[in-house]
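All remarks here apply to the structure that follows.
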Amino acid sequence: MKAPDPELLNVDYGVGGVTTHVRSRKLGDDLHSETMVLNLGPAHPATHGTVRIVAELSGEKILDADVEVGYLHRGFEKMCETVDYNQVMPYADRLNYVSPIINNVGWCLTVEKLLGVEVPKRCQYIRVIMSEISRITDHLTCLGASAMELGAFTVMLYMIEARELLWELVEDVTGARLTISYGRVGGLKYDLPNGFAAKLDAALKQTRKILVDCDRLLTRNRIFIERMCDVATITAEQAADFSLTGPIARASGLNYDVRKAFPYSSYDEFDFEVPLGSKGDNYDRFLVRFYEIEQSMRICEQAISRLPDGPIAVDDPHIVLVPKDQVYGSIDGMINHFEMVMYGVKPPKGEAYIPVEGGTGELGFYTISDGSGYPYKVHVRAPSFIHMGVMRQMLLGAAVADVVPTFGMINMIGGECDR
């Protein structure tokens, strides 16, 4: 029999970055003497988005893996460069579409830095309240889905019930549930409606009751602990090397939270703790998010109890649309309205970067202004895109059954991987 051509031994036959050979890799003389390449995805149900994992297996053990995220081609950054600054808001919604208000706030803060303006205190507090409600819904979605993937379907239903309570609050304020486009450069679209404080108090009380039930059902469940503990461990040093942020980094003991390190929107005026893990495994990542929900509720309660009076936007017709009564009742108001609609906000030439604490980690917008009404350059530091870089490290040595729960604890949102 003729020996195979050595040049053919490293040919990729279309199964991803894990190179397949004419003959499989030999592992030794034991029973499992050859590896198998298994393709996972890019179908959605298990991977929480269009992501493909090509795993090389010895039995059920993962020897190598290649993670491909390049299936969502919307061109977020380039689309932002074709519209005015306020028209970016619907695009920002669709980055992390589970907590879109935080995306809106991050974008608004970046443009406001270019403009050199600071929004009124009431606007800052409302941004904090709505951002923390979004963070809770983000964590509930992540934890509920991950519980379901390990068989705890009841916990998922409970957490989705809690999320529904909070999404009703979001709908009351913004008029929408998911892609809300609530932010405005220099302010907000709407003030809080009448009776919002009472509704928020009732929703948070019911959410706490639901979380107590989830805690009793799941966090000390023997099966759940065995599936999550000591799986996909990442040390604090590795977390720093991979530029991890948010709950996934704090689960490894890396004490970094943008709200504490670089306070924005008056976050320095609120008392809250930053939960930290010690082992950096899937169980720690679950618990960090679980405990962060309580801290976010604390922030909401402090902000609503101390909510100042006043406007929700800066008083500048070149930044914020003037009220409609001025548009209809004065020539200056009509001119300002038409100029804003036609040309948009025009920050001076310059560049700015603002990070905010997103639901999955540090979300940052870098923007360059050329003095026109359109951004000259937009770049987003999307945490999900950064975090997918550690997926291979987490999977090495794990079992096939660990792929889905590990992916769930990364909490990858496809919109943030868009390039």
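The values are calculated or read from the model by the stated rules, or taken from the named source; none is laboratory data. Because the structure is a prediction, the values reported are computed rather than measured. So basically every Cβ, Gly included, is an ideal-geometry build from the backbone, and we count neighbours across all protein chains shown.
Would you mind stating whether Ile293 is in a helix (DSSP H, G or I) and not acidic (Asp, Glu)? Yes: the conditions hold for Ile293. Being closer than 14 Å to Leu287 by Cβ and not small (Gly, Ala, Ser) is not true of Arg208.
Could you tell me whether the stretch 310-325 includes any residue that is in a helix (DSSP H, G or I) and more than 26 Å from Phe224 (Cα to Cα)? Checking the stretch 310-325: at least one residue is in a helix (DSSP H, G or I) and more than 26 Å from Phe224 (Cα to Cα). When Arg298, Arg289, Arg306 are screened for being at pLDDT 95 or above and either surrounded by 23 or more Cβ atoms within 10 Å (Cβ to Cβ) or outside the structural domain of Ala249 (by TED's automatic domain parsing) (or both), only Arg289 passes. Here is the figure for the stretch 102-139: residues that are small (Gly, Ala, Ser) and farther than 24 Å from Arg163 by Cα total 1.
If you filter the stretch 40-62 down to residues that are hydrophobic (A, V, I, L, M, F, W, C) and buried (at least 17 other Cβ atoms within 10 Å of the Cβ), you find that the one that is nearest to the chain's Cα centre (by Cα) is Val51. Scanning the stretch 389-405 for residues that are outside any helix (DSSP H, G or I) and out of contact with any strand residue (DSSP E or B) (no Cβ under 8 Å at 6 or more places or on another chain) gives no hits. Against the numbered list (1) in contact with a strand residue (DSSP E or B) (Cβ under 7 Å, 6 or more places away or on another chain); (2) surrounded by fewer than 22 Cβ atoms within 10 Å (Cβ to Cβ); (3) closer than 28 Å to Arg122 by Cβ; (4) not charged (D, E, K, R), Gly329 comes up short only at (1). The residue of the stretch 69-83 that is surrounded by the fewest Cβ atoms within 10 Å (Cβ to Cβ), among those that are of a type in the set (Val, Ile, Thr) and over 25 Å from Arg52 (Cα atoms), is Thr82.
Residue-wise test of (1) under 19 Å from the mean Cα position of the chain (by Cα); (2) in contact (Cβ under 8 Å) with a residue 12 or more places away in the chain; (3) in the same structural domain as Lys113 (by TED's automatic domain parsing).
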{"residue": "Phe224", "(1), (2), (3)": "no, yes, yes"}
{"residue": "Thr233", "(1), (2), (3)": "no, yes, yes"}
{"residue": "Glu237", "(1), (2), (3)": "no, no, yes"}
{"residue": "Phe242", "(1), (2), (3)": "yes, yes, yes"}
{"residue": "Gly246", "(1), (2), (3)": "yes, yes, yes"}
{"residue": "Ala251", "(1), (2), (3)": "yes, yes, yes"}
{"residue": "Asp268", "(1), (2), (3)": "no, no, yes"}
{"residue": "Pro275", "(1), (2), (3)": "yes, yes, yes"}
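Of everything in the stretch 140-183 that is over 19 Å from Val98 (Cα atoms) and not hydrophobic (A, V, I, L, M, F, W, C), the residue that is modelled with the lowest pLDDT is Gly151.
For Ser278, state whether it is hydroxyl-bearing (Ser, Thr, Tyr) and touching a Leu at 6+ places or on another chain (Cβ under 8 Å). In short, no. Selection within the stretch 257-271: residues that are surrounded by 18 or more Cβ atoms within 10 Å (Cβ to Cβ) and aromatic (Phe, Trp, Tyr). The member of this set that is farthest from Phe286 (Cα to Cα) is Tyr264. If the condition is being of a type in the set (A, V, I, L, M) and either at positive phi or free of Cβ contacts under 8 Å to residues at least 12 places away in the same chain (or both), then the stretch 293-328 contributes only Val327. In this structure, is Gly408 within 25 Å of Ala236 (Cβ to Cβ), at pLDDT below 95 and either touching a His at 6+ places or on another chain (Cβ under 8 Å) or not in a loop (DSSP other than H, G, I, E, B) (or both)? Judged against the criteria, Gly408 is a match. Residue check: is Thr207 within 23 Å of the chain's Cα centre (by Cα) and within 30 Å of Arg392 (Cα to Cα)? So Thr207 does not fit the description; no.
Exactly one residue out of Val105, Val88, Val98, Val155 is over 25 Å from Asp172 (Cβ atoms), touching a residue at least 12 places away in the same chain (Cβ under 8 Å) and assigned by TED's automatic domain parsing to the domain that holds Glu339, and it is Val155. Residue under question is Ile312, and the condition is that it be of a type in the set (A, V, I, L, M) and touching a strand residue (DSSP E or B) at 6+ places or on another chain (Cβ under 6 Å); does it hold? Against the criterion (of a type in the set (A, V, I, L, M) and touching a strand residue (DSSP E or B) at 6+ places or on another chain (Cβ under 6 Å)), Ile312 qualifies.
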